[in-house]
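Below is one structure, written out as structure tokens; comments come after it.
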Amino acid sequence: MMEKYIQIGHGSGGKLTHSLIKDLFYKYFENRFLAREGDSALLEAGSQKLAFTTDSYVVDPVFFPGGNIGTIAVCGTVNDLAVSGAIPRYISAAFIIEEGLAFQELESVVSAMAEEARRANVLVVTGDTKVVSKGQCDKLFINTSGIGQVEEKYAEIGVGSGIRAGDKIIINGSIARHGMAVMAARNFQGFKSDISSDCSPLNTLISDVLDTGAGIKFMRDATRGGLATVACEITRLSRYGIDIDENSVPVDENVRGMCELLGFDPFYVANEGKVVMVADAADAEKVVQTMKSHPLGRDAAVIGEVVDEHPGRAVLHTGIGGRRIMDMLAGGQLPRIC
């Protein structure tokens, strides 16, 4: 049932977000491209398959340890294309700027975007600029769109149609860094923290893995809603169950400490440089070792398995020997995190 008013939780990536998309946007925009429910739409241009994605960034604060709103804008768009099996090529950038924003701050954001685009080997080819009156926007909002090329053999990676019981769940490193870096900057100004965002373009790491020929069944970047939400999305798409081993999931100790201090579960905290892959069991070790040879995958690990049991549910096997269901959050744990 739709809510009477939009809540902050509708932007969380959890149950309210999925409900808003399904019950409102899909209701009016329904078509075969949206029905795939991937991070990018898979389009045809003659014989060529293209991935097309868009995203908006409203992170608060605009600057945080390890990056800024411009860093996320490019990396998030590149990653949404890359986890869809695409080679990212082109990006658009539209800026909504609040009157009074320091020009130097805007230049820092644009400079960061240019640097990340170079790292990812993509071009910013078009854009738009709007300026609104003081108080009608919180400093700066950015919208991006991206286009990439997709080989036919990777066309189903973004929707997970090939997932089967026995497949392994793999992540390229420690979780929750981005969310905790932003929360520290938001709530503890002047407090020095060792936590920095993991914001990075993942396309080169992903292409290294795909180039091995490993059987990659599904990929998704664990942004809003964190690892737990991706696990739930895998079960929803595949109708299998998922077992996650808590002890196998990398979490930096300082991140874990910040989560405990602020009362957050790291499994639900946003990341901006983490890809979750579902891989054929026979290729799991090859995938992990390939990731470990890349700077963005040094802490890669197998963290779980697709199972026949408890279909449609993700279960966390805890460090103390218990089990608990991992469900999507109903509301927003961390608003304006990206």
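The values are calculated or read from the model by the stated rules, or taken from the named source; none is laboratory data. All figures in this text were calculated on a predicted structure; none of them were measured in a lab. Cβ: placed from backbone, ideal geometry, glycine included. Neighbour counts: every protein chain shown.
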- Query: If you go through region 285-293 one residue at a time, do you hit one that is exposed (fewer than 13 other Cβ atoms within 10 Å of the Cβ), touching a residue at least 40 places away in the same chain (Cβ under 8 Å) and out of contact with any Gly (no Cβ under 8 Å at 6 or more places or on another chain)?
  - Reply: yes
- Task: Could you look through region 111-163, keep only residues that are part of a helix (DSSP H, G or I) and of a type outside the set (D, E, K, R), and pick out the one that is farthest from I97 (Cα to Cα)?
- Result: Y154
- Can you confirm whether region 74-83 contains a residue that is in contact with a Ser or Thr (Cβ under 9 Å, 6 or more places away or on another chain), part of a loop (DSSP other than H, G, I, E, B), touching a residue at least 12 places away in the same chain (Cβ under 8 Å) and not assigned by TED's automatic domain parsing to the domain that holds A185? yes
- Query: Looking at (1) among the β-branched types (V, I, T); (2) closer than 22 Å to A112 by Cβ; (3) in contact with a strand residue (DSSP E or B) (Cβ under 6 Å, 6 or more places away or on another chain), can you tell me which one I163 breaks?
  - Reply: (2)
- Considering only residues of region 201-230 that are β-branched (V, I, T) and over 15 Å from the mean Cα position of the chain (by Cα), which is farthest from D283 (Cα to Cα)? T204
- Message: Can you find a residue that is surrounded by fewer than 23 Cβ atoms within 10 Å (Cβ to Cβ) and under 14 Å from I170 (Cα atoms) anywhere in region 224-243?
- Response: yes
- L20 passes all but one of the listed conditions (1) surrounded by 14 or more Cβ atoms within 10 Å (Cβ to Cβ); (2) in contact with a strand residue (DSSP E or B) (Cβ under 9 Å, 6 or more places away or on another chain); (3) modelled with pLDDT of 90 or more; the exception is number (2)
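Against the condition within 20 Å of the chain's Cα centre (by Cα) and surrounded by 15 or more Cβ atoms within 10 Å (Cβ to Cβ), how does S193 come out, does it pass? Even if it seems obvious, please write down each step before you answer.
On the way: within 20 Å of the chain's Cα centre (by Cα): no; surrounded by 15 or more Cβ atoms within 10 Å (Cβ to Cβ): yes.
Judged against the criteria, S193 is not a match.
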- Query: Here are E151, E116: which of them is closer than 19 Å to S200 by Cβ, out of contact with any strand residue (DSSP E or B) (no Cβ under 7 Å at 6 or more places or on another chain) and touching a residue at least 60 places away in the same chain (Cβ under 8 Å)?
  - Reply: E116
- Can you name the condition, by its number, that T77 falls short on among (1) hydroxyl-bearing (S, T, Y); (2) under 19 Å from R336 (Cβ atoms); (3) surrounded by fewer than 24 Cβ atoms within 10 Å (Cβ to Cβ)? (3)
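Answer yes or no as to whether S47 is surrounded by fewer than 18 Cβ atoms within 10 Å (Cβ to Cβ), in contact (Cβ under 8 Å) with a residue 60 or more places away in the chain and under 28 Å from R89 (Cβ atoms).
The answer is no for S47.
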- Condition set charged (D, E, K, R) and assigned to a loop (DSSP other than H, G, I, E, B), scope region 294-328, selection surrounded by the most Cβ atoms within 10 Å (Cβ to Cβ): answer is R313
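Would you mind stating whether D198 is of a type in the set (D, E) and within 18 Å of the chain's Cα centre (by Cα)?
yes
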